[in-house]
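In what follows, a single structure is set out as structure tokens and then discussed.
The values are calculated or read from the model by the stated rules, or taken from the named source; none is laboratory data. Just so it is clear, the model here is predicted, and its values are computed rather than measured. Cβ atoms come from the backbone with ideal geometry, glycine included; neighbour counts cover every protein chain shown. We work out accessible area using only protein heavy atoms, side chains counted, and drop any ligands, DNA or RNA first. Shrake-Rupley method; radii C 1.70, N 1.55, O 1.52, S 1.80 Å.
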Amino acid sequence: KSKEAKDSKFTIFKPILDREIQENFQIKNNLRHAISKDELFLNYQPIYSVLTEKIIGVEALLRWNYEGNKLIPPSKFIPIAEKSGEIKFIGEWVLRNACKQNVLWQRLGHEPIFVSVNVSVLQLEEPNFYKTVSRVLKETGMEARYLMLEITETILTQNSTKVIEIVKKLNDLGVRLAIDDFGTGYSSLWQLSELNVSKIKIDRVFVDGINKNFNKGKIIKAIISMAKSLNIETIAEGVETVEQFRFLKQNRCNMLQGYLFSKPVAPKKIESMLSKNYGWYPFRKYN
Ligand code: C2E
Ligand code: MG
Ligand code: MG
Ligand code: MG
């Protein structure tokens, strides 16, 4: 290639890089005011029980409506919040609002469901994290057994004795624990049993591969049977097709979550789904 071609490649690439650095800087600075400016909100994605064919829980997923007109996805701002330390405040905000919302649904007369909250490693390792959880439960009137905390599998491969200690305290509060994005990390069966994990969420990459990749199907079967032997329930993430639904049901996955059923939606929408939900299951025809 000529020198000219090389140069032109650089002139295209460099401004893009600058823009990204600038954007990250902007995100970091504005994130500090996102809570006080009321720019954060939660959407909830239903999780269905295969056994009862009803919504058994929801996952709270954080959204940031920057300046009231720009929706920034969590994949973009959570890593920045983790680096800046802001995740501590944001995480507590998420926890409190998810609990408040769940209590509200119950007070409206709906059958109790669990709410699942994503927790980042940095939050979990905060020395007073379990005290924060305990305080939020008290303040919101939420029963601990309806709260599930999702931690990613990579946590387990880090400082495992410390993590086991923290998780034991959370277990003592009565809070449930789920391992998120399971199958992509390297946690051991021993850790899963030691941690008193209640559920594992099978990562979307395996669910997505069911119809394309024979081995991914086999891995899902292995995860489900391993989980069963440890008395752990399984949730499949990212269920998008009827084929995936059938496969997971046939292989006795306990719970299903994904766009086939619903995208993450506003609390009002969940409320209406809950009122219509009982005895209603639009997916029975796929059996
Ligand atoms: P996650 O916890 O694994 O959440 C699942 C993600 O998959 C969500 O993306 C959800 O919208 C998406 N999803 C659900 N069903 C489907 C499907 O059928 N197909 C596809 N393609 N995607 C599906 P979202 O909301 O963009 O969140 C991305 C990640 O950001 C989450 O992954 C989680 O790691 C993180 N996150 C979200 N909210 C919070 C939070 O409050 N705190 C922390 N620490 N992390 C959060
Ligand atoms: Mg999650
Ligand atoms: Mg996940
Ligand atoms: Mg994920």
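Can you list the HN-Hα couplings for the stretch 43-59, worked out from phi with the Karplus curve (6.51, -1.76, 1.60; θ = phi - 60°), rounded to whole Hz and with x for Gly and Pro?
9, 10, 10, x, 10, 9, 8, 5, 5, 8, 6, 10, 5, 9, x, 9, 9
Indicate, rounded to the nearest 5 percent, the antiparallel portion of the DSSP beta bridges found entirely in the stretch 42-144.
Roughly 70 percent of the beta bridges in the stretch 42-144 run antiparallel, per DSSP.
How large, in percent, is the carbon and sulfur part of the accessible surface of the chain at a probe radius of 1.4 Å?
53
If you roll a 1.4 Å probe over the heavy atoms of the protein chains, what accessible area per residue do you get for the stretch 166-287, in Å²?
Numbers: 6220 Å² over 122 residues.
Here the per-residue accessible area is 51 Å².
Restricting to bridges with both residues inside the chain, how much of the DSSP beta-bridge set is antiparallel, in percent to the nearest 5? Don't skip to the answer; put the middle values down first.
Working: 15 of 37 bridges.
In the chain, approximately 40 percent of DSSP beta bridges are antiparallel ones.
For Ile232, enumerate residues with amide H under 5 Å from its amide H, sequence gap 5+ or separate chain, H modeled in the peptide plane.
Answer set, sorted by chain and number: none.
Charges only on Cβ, +1 for Lys and Arg, -1 for Asp and Glu: so what's the dipole of the stretch 146-250 about the Cα centre, in debye to the nearest 20? Intermediate results must be reported in sequence, preceding the final value.
Details: 14 positive and 13 negative charges, 65 e Å.
In debye, rounded to 20, the stretch 146-250 gives about 320.
For Ile47, what residues show an amide H to amide H distance below 5 Å, using hydrogens built from the backbone and excluding near sequence neighbours?
Ile56, Gly57, Val58, Glu59
Skip the ligands, DNA and RNA, and give the accessible area per residue of the stretch 16-165 with a 1.4 Å probe, whole Å².
Working: 7530 Å² over 150 residues.
Averaged over the residues of the stretch 16-165, the accessible area is 50 Å².
Run through the stretch 142-199 and list the chymotrypsin sites (Phe, Trp or Tyr not before Pro) located in a DSSP loop whose Cβ has at most 15 other Cβ atoms within 10 Å.
Values: sites: Tyr146, Phe182, Tyr186, Trp190; in loops: Tyr186.
Here the sparse-neighbourhood loop sites are Tyr186.
Greater than 22 Å separation of Cα atoms is the criterion. Which listed pairs, Lys88/Lys138; Lys54/Lys212; Lys216/Lys249; Lys228/Lys276; Lys88/Lys169; Lys54/Lys138, meet it? If you can, show how the numbers build up before the last one.
Details: Lys88/Lys138 19 Å; Lys54/Lys212 29 Å; Lys216/Lys249 16 Å; Lys228/Lys276 31 Å; Lys88/Lys169 19 Å; Lys54/Lys138 28 Å.
Check vs 22 Å cut-off fails for Lys54/Lys212; Lys228/Lys276; Lys54/Lys138.
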